[in-house]
Amino acid sequence: MIELILIAVVSLLAQLVLPWWSLAVVTFIICFWRRISGGRAFLSGFVGVALVWLIYATIIHTRTDGVFTGRMSELLFKTNTSALPLLVTALVGGLVGGLAGLSGYFVGQAFGNQVENRAASRSRS
């Protein structure tokens with residue numbers, strides 16, 4: 001749970017001054033550092049980033065009275081449903097965050113195994 005909150009807050013702050021893909025770096029580092037399971041790493045990254053992007057898209061939707069999301073819906077999906085771009089935005093952001101979190105977990109596992117293997121080989125010598 002703490003990973004999800006960390007990912008959401010830090011990626012929100014990072015995206016204020018850095019490019020959109022900085023959320024992947026933030027999620028990777030947090031999941032590498034916290035050493036949680038693979039499923040929790042993906043889920044924390046997915047939900048943390050998806051919530052941030054959904055809230056931001058909803059803010060844009062309300063500021064433009066739905067005109068922007070309505071036009072994007074017509075352009076991309078050939079329908080006048082304003083909710084569809086919001087959901088697709090959250091899904092894409094969530095997938096980027098989830099895969100970055102899973103990558104952080106896997107890299108952490110690889111480095112953890114290398115350290116354990118080195119310690120075991122030194123103790124045998």
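Since every read-out is calculated from the coordinates, none of them should be taken as a lab result. The model shown is predicted, which means the values in this text are computed figures rather than measured ones. Ideal geometry is used to build each Cβ from the backbone, glycine not excepted, and the neighbour counts take in all protein chains shown.
Taking neighbour Cβ counts within 10 Å as the exposure measure, how do Glu3, Glu74 sort from fewest upward?
Ordered by Cβ neighbours within 10 Å, fewest first: Glu74, Glu3.
From most to least packed by mean Cβ count within 10 Å, the peptides 17-26, 47-56 give 47-56, 17-26. Fraction of C-alpha pairs exceeding 24 angstrom in segment 2-124: 39 percent, rounded to a whole number. Our summary gives the chain a relative contact order of 35 percent, counting only alpha carbon pairs under 8 angstrom and 6 or more residues apart.
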